[in-house]
Amino acid sequence: MHIDASVNYHVKKPTPQAFEFDVDGILGNLISPELVTTDVKVTDLRDGNFKPNFQRDGIEFIDQASRVSDFESGSDWTGIYEQELTHLLKSHIGAKEVIVFDHTVRVDDPNAARRPARNVHNDYNMAGARQRLIDLVGEAQAEVFYKAGFGFVNVWRPIKNTIKSSPLGFIRPTSMQSDDWMDIDLIYPDRLGQILGVAANEAHEWFFKSHMTPDEAVVFNIHDSADRPHLAHSALDLPGDVHASIPRKSIESRTLVRYS
């Protein structure tokens, strides 16, 4: 089944583009590059025949309940959840070593500290991935990861409630063209990062899974040294979102994995 949604694509320009965070020392003050809102057709995998496989497609939807039910109070849950993530990635994608280095809780509420990302993007470009690897393990160990094969893999799941608005959507990698991608800087007060923005292309095949519950997760590739596909993604704005009584809550966990 196909549904209508809208997303915010990046716009290709001859000059560098960037998100600038906490501008002028004001927490939350953001300057964004130009984005263009675009209507897209999205396939709902809940009713479809396409079942993504991580090795082939860089993404997989998994039934996996967590022992953690409260991700928003304190940090006592991190040890349990990171053990679960390590087991999940070793058993499902063949990781030999897993380093969980970030958790982000997103709430689709104007007053939330982190809202769903509404730009079509991938979390790292090549330079950003290489630098993040060194930042996490150091230059000497980074060489070990390079020789063994490594990837940055995200695990996303709903929190508390079924997702009924602003679900996470993905572009099928085989429908992407190389010139759809562009480098976007992330300028923070104390550091510089880089992501990949995505330009609009009518050939893009969008997909998602509707009504995901906290007992479901999606594992998707961000960067891979062996060229497994990486996924452009974004929150999807659906026609009925303005009537949603429960805002979307989700947690995304970023991991570094070594394969052999």
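The values are calculated or read from the model by the stated rules, or taken from the named source; none is laboratory data. Worth saying up front: this structure is predicted, and the values here are computed from it rather than measured. With ideal geometry, Cβ positions are generated from the backbone for all residues, glycine too; neighbour counts draw on all protein chains shown.
Taking residues in the range 140-163 that are closer than 22 Å to VAL219 by Cβ, and partners anywhere that are surrounded by fewer than 22 Cβ atoms within 10 Å (Cβ to Cβ) and among the aromatic types (Phe, Trp, Tyr), the pairs with Cβ atoms closer than 7 Å and at least 6 places apart or on different chains are ALA148/TYR259; GLY149/TYR259; PHE150/TYR259; PHE152/TYR124; ILE159/PHE71.
Just to be sure I understand the filter: pairs with C-beta atoms under 6 Å, separated by 6 or more residues or on different chains, first member in the range 41-53 and touching a residue at least 60 places away in the same chain (Cβ under 8 Å), second member assigned to a loop (DSSP other than H, G, I, E, B) and among the basic types (Lys, Arg). Which pairs pass? So the pair list comes out as LEU45/LYS209; ARG46/LYS209.
Please indicate, with yes or no, whether at least one residue in the range 206-213 is in contact with a helix residue (DSSP H, G or I) (Cβ under 7 Å, 6 or more places away or on another chain) and surrounded by fewer than 22 Cβ atoms within 10 Å (Cβ to Cβ). Looking through the range 206-213, none of the residues is in contact with a helix residue (DSSP H, G or I) (Cβ under 7 Å, 6 or more places away or on another chain) and surrounded by fewer than 22 Cβ atoms within 10 Å (Cβ to Cβ).
Every residue, every condition in (1) touching a residue at least 60 places away in the same chain (Cβ under 8 Å); (2) under 25 Å from VAL68 (Cβ atoms); (3) touching a strand residue (DSSP E or B) at 6+ places or on another chain (Cβ under 6 Å), yes or no:
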| residue | (1), (2), (3) |
| --- | --- |
| ASP180 | no, no, yes |
| ASN201 | no, no, no |
| ASP215 | yes, yes, no |
| VAL219 | yes, yes, yes |
| ASP237 | yes, no, yes |
| GLU252 | yes, yes, yes |
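Where in the range 143-260 are the strands (runs of 3 or more DSSP E), entirely inside, with at least 1 residues that are more than 16 Å from the chain's Cα centre (by Cα), at pLDDT below 95 and within 28 Å of ALA112 (Cβ to Cβ)? Answer list for the range 143-260: 181-187, 192-198. Note on the range 77-116: among residues that are under 26 Å from VAL40 (Cβ atoms) and touching an Asp or Glu at 6+ places or on another chain (Cβ under 9 Å), the one that is surrounded by the fewest Cβ atoms within 10 Å (Cβ to Cβ) is THR104. Here ASP70 fulfils each of the conditions (1) surrounded by 14 or more Cβ atoms within 10 Å (Cβ to Cβ); (2) within 28 Å of ASN161 (Cβ to Cβ) apart from (1).
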